[in-house]
Amino acid sequence: MRFSLAVIPLVLFAALAGVFLMNIDKDSSVVPSVLIDKPAPDFSLPPLPGRDKGLSKADLTKGQVSVLNVFASWCVPCRAEHPLIKRLSREADIPVFGLNYKEKDPQDGVKWLAELGDPYTAVGMDLSGRTGIDFGVYGVPETFIIDGTGQIRYKHVGPVTVDVLENVLLPKIAELKG
Amino acid sequence: MTRRLLTLIGTLGVIMPLLAGNPAWAVNPDEMLSNPVLEKRARDISQELRCLVCQNQSIDDSDAELARDLRVLVRERLIAGDTNAEAIDYIVARYGDYVLLNPPLKPETYILWASPAVLAILALLAVFAFYRRKQREAAATTTSLSRDEQARLDEILGTSKDDGRA
């Protein structure tokens, strides 16, 4: 009886230490999306100035796995991940759509893509940020993987890194392509 | 000199709180609704919603761009005729329960909500058990005097007769 009582704090400590250990690598600023395995919201965004194709829900429901990358010219991490979005577009062999989020000036996104290269199949311009809110965007860049029926299957918050691209996004896309 | 210092301190005392800023200032005048009832409801809702950019502030407190967009969105929903609950659900549908600063009571959060009561009960039981054991131990250690001790005590007290306790 005495012995078992003395063990309780030890067990509690071990349990707590276990919980902390499990969460030590977890980034608490990343909020899991509620939209996973739900249909992408309805939206229809105008094209960038000087282009004729915008982006709408219909582009995501054409029976093909696709990626939707939320970016902005004012977003520094977006610049950092841009080469990897290009690589993703080359290697995954699926449409990669861009959601140009909340530019101050509609021309900013155009200039940014002219400077860094444009890997996107189509880009929609979300000046108000409303479509972003419908997608639950809270910190650009964000990258969604959407299956052929228009269901959101995965979301990555923050810049895509080589590790994320090779070990998370590409395998996930390959799995969805079947 | 002292008077000047006091005046200075007094002046600072008036100015500093103004400079320090009121958290309500995160809500810009251009966002506010002209209808004071709707505006009050919008403020109440905003105080319940977490800003996902600066996660321990409500969107009412936060200066983040997204918080501003969400405040405007909440006001639009109210103008469109949403109840407070509907406006909150609209945001939750996009950002999840995490945006609620008050976690809702549902099967996933039963443990969360029950834990304070459970811990309090466990603590009370532990305290109760501790005192009961102490009491029992005290009772167990109070042994009677041995025959020799009793004799010695009687001798000191001057009573010669043994009362029979062993």
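Values in this text are rule-based calculations from the coordinates and carry no lab data. These numbers come from a predicted model, not from an experiment. In this analysis, Cβ positions are derived from the backbone assuming ideal geometry, glycine residues included, and neighbour counts consider all displayed protein chains.
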Integer Hz, Karplus 6.51/-1.76/1.60 couplings in order for segment A:18-30, x for Gly and Pro: x, 4, 5, 5, 5, 9, 5, 8, 7, 7, 6, 7, 8
For segment A:73-80, 3J(HN,Hα) per residue [Karplus equation, 6.51 cos²θ - 1.76 cosθ + 1.60, θ = phi - 60°, Hz, x = Gly/Pro]: 6, 7, 9, 5, x, 5, 4, 5
Debye, to nearest 20: dipole size of segment A:39-178, +1 on Lys, Arg Cβ, -1 on Asp, Glu Cβ: 80 debye
Listed residue (A:151, A:3, A:70) projecting farthest to the positive dipole end of chain A, Cβ model: A:3
Ranked packing of B:71-80, B:148-157, most packed first, by mean Cβ within 10 Å: B:71-80, B:148-157
Estimated vicinal HN-Hα couplings, Hz - segment B:121-135 in sequence order (Karplus 6.51, -1.76, 1.60; Gly, Pro = x): 5, 4, 5, 4, 4, 5, 4, 4, 4, 4, 6, 4, 5, 4, 4
Alpha-carbon centroids, segment A:15-54 and segment A:139-162: separation in whole Å: 6 Å
Residue A:151 long-range amide H proximity, modeled H, under 5 Å: A:40
Unpartnered cysteines - no second Cys beta carbon under 4.7 Å - across the protein assembly as shown: B:51, B:54
Per-residue [θ]222 nm for chain A (sum of -39500 (n - 2.57) over DSSP H runs n ≥ 4, rounded to 500): -11500 deg cm²/dmol
Per-residue mean of C-beta atoms belonging to partner chains within 10 Å, peptide B:90-99: 5
